[in-house]
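A short reminder: the numbers here are calculations on the coordinates, not readings from a lab. This one's a predicted model, so the numbers in the text were calculated from it and none came from an experiment. Quick reminder, even Gly has a Cβ in these numbers, built from the backbone with ideal geometry, and neighbours come from all protein chains shown.
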Amino acid sequence: MQGTKVVRPFPFFRAGARASQPQLSKPILVLEDVYKFFRPDQPTLRGVDLSVERGEFAFITGPSGAGKSTLLKLVYRELRVDEGRVLFCGRDIARLTDKSIPFLRRNLGIVFQDFRIIDHWTVFENVAVALEIVSMPQRLIRSRVAEALERVGLAGRGPEQTSNLSGGEKQRVAVARAIVPEPALILADEPTGNLDPHLAIDILTLFEEINSTGTTVLFATHDHSLISKRDHRLISIDEGRVSEAQQGLKHWQGSSGIHTLVG
Ligand SMILES: Nc1ncnc2c1ncn2[C@@H]1O[C@H](COP(=O)(O)OP(=O)(O)O)[C@@H](O)[C@H]1O
Ligand SMILES: [Mg+2]
């Protein structure tokens, strides 16, 4: 039928469960010798190498201004690398045409510190918007949104006005919006930064539950009290370079930098 063009993502970018076998065995995200300059004399990222396997949960940490958001922005192509490569599902993000960026974004769930939901929309509308990039029957949208809301602990709350929700609930709506297209990778940029400590733990736990169903999660935070409660892989950015603890802070043998960081 002419007129209603169904937009489909490239097979490359289909969510984890639907990826082909060779794709599943490869890292979902690879950064190779990545440089990003905002000032010519001072790279924010200098020669970052990083590999993230499918199904991993990793914290990205480092002091304010270290480059955590910059790294994530390179992955969702808000920014382009100046040197090096960013491979998502084996595909070089820097080489994507602008037309292909929506396909990339559909396979990434992004959650921000400030929620970025529309206050005068209902909870349902805020989540459903993530499915409107693809032509999907309304009935299917309704069931997918209901399922996502259930996963974030907001079952049956779809008709509510978002402005009436608490901060923690608003972030749950944002998480539902991020997961509803079933992305292969979730990028969370300080998602607990605006929340009280107990709510921060709840939201962290929510991301862990999502991860336990196979979705890869990169969780950027400078909140050491949160990081120290868990044993996830820890990717630390310091002076533009990445250093790592494979099993969280407790096992960290690395540079003195992170000890200062942990305090
Ligand atoms: N668009 C931009 N223009 C100029 N400088 C930027 C821009 N975005 C980030 N920076 C700089 O890059 C550094 C890293 O920023 P950012 O990635 O936001 O750090 P973090 O998220 O770890 O706090 C900071 O020094 C910041 O000022
Ligand atoms: Mg940041």
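Overview of results
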item	result
Residues with amide H under 5 Å from that of ILE110, placed H, sequence gap 5 or more	LEU187
Extension gain, VAL129 back to ASP202 (0.36 nm per residue minus Cα-Cα distance, nm)	23.8 nm
Per principal axis, descending, Cα span of segment 77-226 in whole Å	44, 44, 29
FRET efficiency, 1/(1 + (r/R0)^6) with R0 22 Å, evaluated for PHE38 and ARG116 via beta carbons	0.45
FRET efficiency for GLU244 and THR213, using Cβ-Cβ distance with R0 set to 25 Å, rounded to 0.05	0.50
Relative contact order of segment 61-146, defined on C-alpha pairs under 8 angstrom at six or more residues apart (%)	17
Residues whose placed amide H lies under 5 Å from that of GLY84, excluding near-sequence neighbours	TYR35
At 0.692 mPa s and 37 °C, Stokes D of segment 138-205 from Kirkwood alpha-carbon radius, µm² per second	260
Filter on LYS68/LYS99; LYS36/LYS229; LYS36/LYS99; LYS26/LYS170 - keep pairs with C-alpha separation over 29 Å	LYS36/LYS229; LYS26/LYS170
